[in-house]
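The structure under discussion appears below in the form of structure tokens.
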Amino acid sequence: MATETEVVVAPVSNGGSKGCCKYGGPGYATPLAAMSGPSEKLIYVTAVYTGTGIDKPDYLATVDVDPSSPSYSRVIHRLPMPFVGDELHHSGWNSCSSCHGDASADRRYLVLPSLISGRIYAIDTKENPRAPSLYKYVDPKEIADKTGLAFPHTAHCLATGEILVSCLGDEEGNAKGNGFLLLDSDFNIKNRWEKPGHSPLFGYDFWYQPRHKTMISTSWGAPKAFSKGFNLQHVADGLYGSHLHVYSWPGGEMKQLIDLGPTGLLPLEIRFLHEPSKDTGFVGSALSSNMIRFFKNSDETWNHEVVVSVKPLKVENWILPEMPGLITDFLISLDDRFIYFVNWLHGDVRQYNIEDPKNPILTGQIWVGGLLQKGSPVKAVGEDGNTFQFDVPQIKGNSLRGGPQMIQLSLDGKRLYATNSLFSAWDLQFYPEIMEKGSHIIQIDVDTDKGGLTINPDFFVDFGDEPDGPALAHEMRYPGGDCTSDIWI
């Protein structure tokens, strides 16, 4: 293991293969061009031991998703981080389709912010895509000393070659210190991105759209609250967010603060439509369990409306009399036709047609876990007073644990992958079984003509069978980019 002060660096060159890049830069010229890209062969998955009781480093797992491969549906490589206690969570790229016109840019490094330790790892995926290696990491003390930031979460590449990382608080876990960390192309700290005095109320996810000179960020909560598990009282105490922060791009000035109110408690993931001329997108409100559309007004301000509501279910044998769906992740297909989201507690994955973004139409729904599956002590109560539970299939003889959490869609929109771990402290609270038995990845086949979702019975990656014990699998990335990593400008 490296010591706290060591920085692991390997010599690299910034040139390299152009891959699928017609014009020399990474990614694709347009979202529709990306849909014609090659089928995924590998997925990189953050795998976590932090918080599980296993005193081992978190790691990056490489999973074979090529149906013609003898190692299909298996972890084929594990890259452990040099420290224990990171809590790897989300991931991004050093370069993506926003740099497509730059022949000198190269999608080489997977960026892994560590939510708890504050380290930000750069993983070299180019030397050997099937066995990535550690290039370097950014030290959390240096980040805190230079910017006051800690608890890094979302990383997006910029067209400039820089990397922008949302950070959810200060070193003590206060939300007041949150903001955005700007790194240069070699992961050196530059500064805070936002202007002084323009920090968000709370931090989490963000998405930028240069054609509208706008970046919008969302709100989770104060790290000192969420890192210990979810306490509903903390919502009443003001330790969780319900706002969108609208920034000038690339200026970093907060132009508007949108209060989503009780319909938008804990707004987490946010995505603009992929077509860069469009001035609308969606945000998933986790606790309120609403999908919210945001859009630009004629006066250049931004507005919002709830377009999908997941009703809470009356339940028996649970901590509360009603259970929210808890929308913890969503994504948009590259052609902007479908939106997919998960209800982590209820256990279903949904597909909506959004060709009219104001009026999403439910076209597919499938239960792949959750607290209300048959055999669970928790039961939903219908309006007639009768109880019910949901049928959840087994895959290759395995019962599905936890609830669907992070999702990733193939470029052509026909395969949806899902993991089931949210965050170790919340996993322990809501789904202790996956702490004991580990996470899994499943694949759902998607009907993109008529709509519909079907389990792939031949795909099941079991993180309960890992060499160092059961691990928690979270976000997934393809080596060539995907619909949640790449932004078109």
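The values are calculated or read from the model by the stated rules, or taken from the named source; none is laboratory data. Being a predicted model, the structure only gives us computed values, none of them experimental. All Cβ positions, even for glycine, are placed from backbone atoms using ideal geometry, and neighbour counts span all protein chains on display. The protein model used for the area step is the full one, side chains on, heavy atoms only, and it has no ligands, DNA or RNA in it. Shrake-Rupley method; radii C 1.70, N 1.55, O 1.52, S 1.80 Å.
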| field | Within the accessible area of the chain (1.4 Å probe), percent carbon and sulfur | value | 51 percent
| Residue separation times 0.36 nm, minus the C-alpha to C-alpha distance between ASP445 and ASN303: what's the value? | 47.7 nm
| So between TYR72 and GLU275, what do we pick up on full extension, going 0.36 nm a residue minus the alpha carbon distance? | 69.8 nm
| message | For the chain, what does the helix formula give at 222 nm: sum of -39500 (n - 2.57) over DSSP H segments with n ≥ 4, over the residue count, nearest 500 deg cm²/dmol? | response | -1500 deg cm²/dmol
| field | Kirkwood-type radius of segment 332-430, with distances r between different C-alpha atoms, in Å | value | 14.9 Å
| message | Can you compute log10 of I(q)/I(0) for segment 367-478 with the Debye formula, treating each Cα as one identical point scatterer, at q = 0.19 Å⁻¹? | response | -1.03
| Local net charge near PRO140, Cβ-Cβ under 9 Å (Lys/Arg +1, Asp/Glu -1) | -1
| request: At 1.4 Å probe size, with every protein chain present, just tell me what the per residue accessible area of segment 22-61 comes to in Å². | output: 39 Å²
| field | Solvent-accessible heavy-atom area per residue, rounded to whole Å², over segment 233-309 at 1.4 Å | value | 36 Å²
| note | Scoring only Lys, Arg, Asp and Glu (+1, +1, -1, -1) among other residues with Cβ under 12 Å from the Cβ of GLU305 yields +2
| query | Put a dot 7 Å past each Cα toward the Cβ at GLU316 and GLU142; how far apart are the dots in nm? | reply | 5.9 nm
| field | Length-normalised contact order of the chain in % [C-alpha pairs under 8 Å, at least 6 apart] | value | 13 percent
| query | By how many nm would the segment from PHE388 to GLU162 grow when fully extended, if each residue of separation counts as 0.36 nm and the alpha-carbon distance is taken off? | reply | 76.3 nm
| task | Work through the residues other than GLU322 whose Cβ is under 15 Å from its Cβ and net out their charges, Lys, Arg +1 and Asp, Glu -1. | result | +1
| remark: The FRET efficiency for LYS213 and ILE361, from their Cβ-Cβ distance with R0 = 35 Å and rounded to 0.05, is 0.65
| Using a cut-off of 17 Å between alpha-carbon atoms, which lysines can reach LYS278, once sequence neighbours fewer than 8 places away in the same chain are excluded? | LYS213, LYS296, LYS358
| Put +1 on the Cβ of every Lys and Arg and -1 on every Asp and Glu Cβ in the chain; which of GLY27, PRO67, TYR431 then has its Cα farthest towards the positive end of the dipole? | GLY27
| task | Any lysines with Cα under 21 Å of the LYS228 Cα? List them, leaving off those in the same chain fewer than 8 positions away. | result | LYS56, LYS176
| request: Taking a cut-off of 16 Å between Cα atoms, list the lysines near LYS311, but don't count ones fewer than 8 places away on the same chain. | output: LYS379
| message | What distance in nm separates the two pseudo spin-label positions at ILE489 and LYS374, each 7 Å out from Cα along the beta-carbon direction? | response | 5.3 nm
| For segment 232-315: relative contact order, % (alpha-carbon pairs under 8 angstrom, 6 or more apart) | 19 percent
| said: Students often check this: by mean Cβ neighbours within 10 Å, which of 346-356, 412-422, 106-116, 271-281 ranks highest, and how do the rest follow? | reply: 106-116, 412-422, 346-356, 271-281
| Per residue and in cubic angstrom, what volume does the convex hull of the Cα atoms of the chain have? | 137 Å³
| query | Quick one: which of LYS374/LYS437; LYS314/LYS374; LYS141/LYS195; LYS126/LYS414 span more than 24 angstrom between C-alpha atoms? | reply | LYS126/LYS414
| request: Provide the FRET efficiency to the nearest 0.05 for the ASP259-PHE295 pair, computing r from the beta carbons and using R0 = 25 Å. | output: 0.95
| Going out from 0 in 10 Å bins, what whole percent of all Cα-Cα distances in segment 248-296 drops into each bin? | 24, 48, 27, 1
